2 protein chains.
Amino acid sequence: MLRISKLTDYGTIVLALMARDPLEIYSATDIARRINVALPTVGKVLKTLARADIVTATRGSHGGYSLSRLPSTISIAQIIDAIEEQPFGLTECTSIAGLCMQENHCRVRANWMRINQSVRIALENLTLGDLVAETVQSTATQIQKVPLPKIDAQKLEENHEHGCS
Amino acid sequence: MLRISKLTDYGTIVLALMARDPLEIYSATDIARRINVALPTVGKVLKTLARADIVTATRGSHGGYSLSRLPSTISIAQIIDAIEEQPFGLTECTSIAGLCMQENHCRVRANWMRINQSVRIALENLTLGDLVAETVQSTATQIQKVPLPKIDAQKLEENHEHGCS
DNA sequence: ATATATAGGACAATTATAGTCCTATATGGC
DNA sequence: GCCATATAGGACTATAATTGTCCTATATAT
Ligand code: SF4
Ligand code: SF4
């Protein structure tokens with residue numbers, strides 16, 4: 001459906017809150033109260049983010065989560081990768097190669113890969129820092145249609161066979 | 001899950017086939033056989049595309065579907081809009097406003113809207129023509145991070161209230 | 001010890017998607 | 001007129017993904 005999952009969305013809210021004081025430690029309870037999302041849900045998101053080492057957990061009393069890196073070094077793509085269950089990909093074949101039965105003779109696959117790659121790069125270039133920036137003065141991605149350099153046909157073939165994002 | 005639905009994907013395959021001879025009439029049976037997808041499924045896709053006036057149907061014997069417009073004037077965004085059930089949107093609020101309970105106090109919403117808009121524009125600028133072009137010599141979208149012009153705060157507020165893609 | 005935290009995984013309910021099928025209608029050729 | 005061929009529209013089932021919650025184990029500060 002071309003949408004990030006709600007959990008990933010929550011992830012961005014949670015991280016956006018934490019990015020306001022990047023060195024602070026926040027408990028799940030604390031965050032849940034402040035963003036108005038149920039505690040178990042926030043907990044799930046944070047645990048997932050911790051596994052991807054986007055936040056660092058401190059157990060025990062006075063524990064909580066803190067950002068592992070500075071907001072400007074955490075890309076939106078990394079957040080999506082951490083929380084989404086399926087690998088990133090606009091089409092089935094760009095997400096997991098080998099599943100689609102059309103893959104061998106598909107005439108749109110190579111170009112879908114390019115489109116996928118463009119979107120992917122856009123999200124890699126956007127950081128948590130951008131996400132929490134005041135909109136009126138932030139930078140953001142803008143898309144331009146540009147001629148692509150010729151591509152080595154051999155390399156393309158490789159991509160087509162093993163290929164993935 | 002940040003993926004177009006399989007049906008939309010089939011839509012691009014079907015249209016890619018039709019784009020090879022943009023004036024030809026193709027029956028669903030014919031297309032199904034040539035792209036190796038089950039007839040009922042291809043039929044469903046074509047009926048949906050016909051409703052969106054991307055293809056034009058001719059009933060009766062010797063009937064079938066033909067492209068309503070030239071491939072270079074059919075954008076990928078239009079194809080997605082035609083077939084996806086949910087409106088286009090990377091987040092819930094960019095797809096359908098008013099559903100998300102965080103919407104009123106969400107600090108990432110405005111920026112998600114921008115990201116959404118960027119992706120949207122990229123897909124509007126890509127056409128069926130691009131999709132069927134030989135990859136080695138085609139154009140495609142590439143993403144650049146550029147400073148955005150300052151935005152009128154009043155207009156932003158409007159967006160925030162009624163806002164949607 | 002105990003209160004406070006996270007870790008990890010299991011779980012059911014809901015929602016979205018995929019694919020098929022049935023009946024109605026339109027058209028061309030005989 | 002009749003029939004074969006096509007699409008129109010919607011109903012339907014099965015599957016898959018997602019959501020949100022809960023339970024038990026473990027770690028830490030006081
Ligand atoms: S191979 Fe073609 S049909 Fe299969 S997922 Fe990729 S683009 Fe879609
Ligand atoms: S309002 Fe915020 S939380 Fe709700 S969908 Fe939009 S971005 Fe996600």
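FYI, it's all coordinate maths here, none of it is from the lab. All values derive from a computational prediction rather than experimental measurement. Cβ atoms come from the backbone with ideal geometry, glycine included; neighbour counts cover every protein chain shown.
Structural remarks
- Residue in segment A:85-92 that is touching a residue at least 24 places away in the same chain (Cβ under 8 Å), within 14 Å of DNA strand C (Cβ to nearest atom), polar (S, T, N, Q) and at the interface with chain B (Cβ under 10 Å from one of its Cβ atoms) present: yes
- The residues of segment A:81-94 that are touching a Leu at 6+ places or on another chain (Cβ under 9 Å) and closer than 22 Å to residue A:109 by Cβ, listed by number, are A:84, A:86, A:88, A:89, A:90, A:92, A:93.
- Matching option when the condition is within 7 Å of ligand 2 (Cβ to nearest atom), more than 7 Å from chain A (Cβ to nearest Cβ) and basic (Lys, Arg), among B:120, B:109: B:109
- Filtered by the rule that a residue be within 12 Å of DNA strand D (Cβ to nearest atom), surrounded by fewer than 16 Cβ atoms within 10 Å (Cβ to Cβ) and without any contact (Cβ under 8 Å) to a residue 12 or more places away in the chain, segment A:20-61 gives A:36, A:38, A:39, A:40, A:47, A:59, A:60, A:61.
- Some residue of segment B:40-48 being away from DNA strand C (no atom under 15 Å from the Cβ) and farther than 20 Å from residue B:131 by Cα: no
- Inspection of segment B:101-122 identifies no residue that is within 16 Å of ligand 1 (Cβ to nearest atom) and either farther than 29 Å from residue B:27 by Cβ or aliphatic (A, V, I, L, M) (or both).
- Test: residue in segment B:62-71 that is more than 13 Å from DNA strand C (Cβ to nearest atom), over 14 Å from the mean Cα position of the chain (by Cα) and within 30 Å of residue A:4 (Cβ to Cβ): no
- Condition met for residue A:77 (within 16 Å of ligand 2 (Cβ to nearest atom) and within 14 Å of chain B (Cβ to nearest Cβ)): no
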